Amino acid sequence: MKILILSDKKPGHLNQSIAFAKLKELEYDIVDISLTPFKKALSYLLDNLNIYLNIANIKLPDIKYQAIVSTGSLTYYTNKYVAKKLGIPSIAIMLPKGFRLDNFDYILALEHDNPPKLSNIISLPISLSISKPKGYIQKKSQSSLGIIIGGNNSIFTMDKKSIKKELDNIFKNYPNHLKYITTSRRTTKEIEELIKEYRFDYKLIYSKEPNINPIPDFLEVCDELFITIDSTSMLSEARANSDAKLHIINLPSQKKDTKFHHLARNIKKLKGKFDFTPYLKKVELTQ
């Protein structure tokens, strides 16, 4: 069985669609699409009027697919257009806010987005994710831990004092563990300079090496993981792909009880590698 994936060329979105395919053991083809800001705005209007046109100028494939899958607001309208033209199920990943929800066949939405209780919505506690180690770090007999540092966003502020306290505690409480750390694109220069003061067994500074992603290796080899609360995608990826004990590093927050906090609470309730099977079984595709 093969599905068609529409991509808005954002890795975080495309990876969720690919994870769906792999977790369902489906083959897939990927088609990139783009919309101008005007056409994106138009897609909301046309969808709510139940009018479906080829505004993305997509070439309809000759292959018989079992479904069409996409993640991200840029893709949802064209997802429906292709599904209607090919007569196949339409599957949206993440809640398609602003679009009609009733005429998707399936929507895999996150609980922290508070999706409505509709028969076609499957509510997930964490994001779909599948991870493959790259070989930057090898599993050792000595216990190891990984630290994943995010950065400032609209909700959280990452200050040097908070991170220093966390790192000092980790080095104090885990003296015999191998220690690995990676920053992200949102990590500030100040935090990067702080990290350089510690002796890690593996260290990746994103601003210096943006093309290397050691996180799948952390998930594969580490016994414990420490991840800052702002990094929602990393928290989901960790719980979806690792049995490691997961520690969430809290940060000063501009707001309380946001979707970030909701996801963190969900993560804390989960033990070990999360099994998506009971959720994905609800998505029924025929030959």
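The values are calculated or read from the model by the stated rules, or taken from the named source; none is laboratory data. Predicted model only: the values in this text are computed from it and were never measured. Here the Cβ is made from the backbone with ideal geometry for all residues, glycine too, and neighbour counts use every protein chain on show.
Summary table
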{"read-out": "Failed criterion for THR78 (all others in (1) crowded, with 17+ Cβ neighbours inside 10 Å; (2) among the polar types (S, T, N, Q); (3) under 30 Å from ASN241 (Cα atoms) hold)", "value": "(3)"}
{"read-out": "Residue match in region 50-57 (condition: outside the structural domain of SER236 (by TED's automatic domain parsing), over 26 Å from HIS262 (Cβ atoms) and crowded, with 19+ Cβ neighbours inside 10 Å)", "value": "yes"}
{"read-out": "Entirely in region 160-252, the helices (runs of 4 or more DSSP H) that have 2 or more residues that are outside the structural domain of ALA19 (by TED's automatic domain parsing), surrounded by fewer than 22 Cβ atoms within 10 Å (Cβ to Cβ) and more than 18 Å from the chain's Cα centre (by Cα)", "value": "160-173, 189-195"}
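Rundown of residues vs (1) over 30 Å from LEU23 (Cα atoms); (2) touching a Lys or Arg at 6+ places or on another chain (Cβ under 9 Å), yes/no style:
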position: PHE38; (1), (2): yes, no
position: ASP47; (1), (2): no, yes
position: LEU60; (1), (2): no, yes
position: ILE68; (1), (2): no, yes
position: TYR81; (1), (2): no, no
position: PRO89; (1), (2): no, no
position: LYS97; (1), (2): no, no
position: ASP105; (1), (2): no, no
